[in-house]
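Some notes on the structure that comes next.
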Amino acid sequence: MNIFDALEFFKKFKFKTYFKELSKRAKMSFVFGNIMVFVLLFVIFNCFSISSIGYGFAIVVLFLIPDCYILGKLPKEKVTFEINVIKDESSDNTVAKYRIFLKNKSSEVKFDRIQVTYQYYHGILCALDTPYIPEHLSDISIILPVDVHNQHKRTKVRKLPSPIIFPEDSKEVEIEVDLVVDLGEKGYHPCFDWNITCSVALITTDERKLLVLNDRKWREIEL
């Protein structure tokens, strides 16, 4: 292969356009970028000496490596929803009832799990606050085990009774979610000014998250 054949080869495959498009579609890591540079240099040198080796490596670089990388590393599309959350007036110190209204603004999305991250605050004002026993719960209810002496963040993930599918540009859909406090054997809050902050996210089948509640307080109390 002479220099004119090599130039024609590079022109034909449009290296610049190809990798410009590649960079748009995937965020190449530092390590992968260096590997690509090494392979490209190797291909270029071989194109001026042994044509079969040059063509072989060019095919690998152009088709196999980038395509495999793109398939595995394409950034996930951000899920975009209009979110409106209302806390039900029937909520109490045991059950926090939320009505979540969602309207899809992205492509079709399928949620199959719900994740709750919560943190208990012990308080300082002594009292005995005995929780009520919940009577009616929604289909999506998450039991939150609470240790009144543990103030670390905890996370619980629950599979939805049935997946929720939002088609593209869907109409508003209401989801009822109940968060239930379980105090275990303790059975009561030792302080009057206890509280819980919680965040709720819906998780899609392809591991994308939609945050619908962010650090929401269980109780709005004035001290």
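What follows draws every value from the coordinates through simple rules; no lab data is involved. From a predicted model like this one, the values you see are computed outputs, not experimental measurements. Neighbour counts are summed over all protein chains in view; Cβ atoms, including those assigned to glycine, are modelled from backbone coordinates with ideal geometry.
Each peptide in 209-219, 94-104 was scored by the mean count of other Cβ atoms within 10 Å over its residues; highest first, the order is 94-104, 209-219.
Our coupling estimate for segment 205-219, obtained by passing each phi through the Karplus curve with A = 6.51, B = -1.76, C = 1.60 and θ = phi - 60°, is 5, 9, 6, 9, 10, 10, 7, 10, 10, 10, 6, 7, 6, 5, 10 Hz, Gly and Pro reported as x. Taking the centroid of alpha carbons for each part, segment 139-165 and segment 168-187 are 9 Å apart. 3J(HN,Hα) along segment 91-99: 4, 9, 7, 10, 10, 9, 9, 10, 10 Hz, from the Karplus curve 6.51 cos²θ - 1.76 cosθ + 1.60 with θ = phi - 60°, whole Hz, x for Gly and Pro. The count of lysine pairs in segment 99-196 with alpha-carbon distances below 18 Å, taking only pairs 8 or more places apart or on different chains, stands at 4. Per-residue Karplus couplings for segment 78-83, computed as 6.51 cos²θ - 1.76 cosθ + 1.60 with θ equal to phi - 60°, are listed in order as 6, 7, 10, 10, 7, 10 Hz, Gly and Pro entered as x.
How high is the relative contact order of segment 92-192, in percent, counting Cα pairs under 8 Å that sit 6 or more residues apart? It would help to have the intermediate numbers written out before the result.
Details: 197 pairs, mean separation 52.5, N = 101.
Relative CO of segment 92-192 lands at 52 percent.
Backbone amide hydrogens, once placed in the peptide plane, bring S138 within less than 5 Å of D178, excluding anything fewer than 5 places away on its chain. If you plug the beta carbon distance of K159 and L128 into 1/(1 + (r/R0)^6) with R0 = 35 Å, you get a FRET efficiency near 0.45. Sorting the segments 108-115, 196-203, 124-131, 179-186 by their mean number of nearby beta carbons within 10 angstrom, highest to lowest, gives 196-203, 108-115, 179-186, 124-131.
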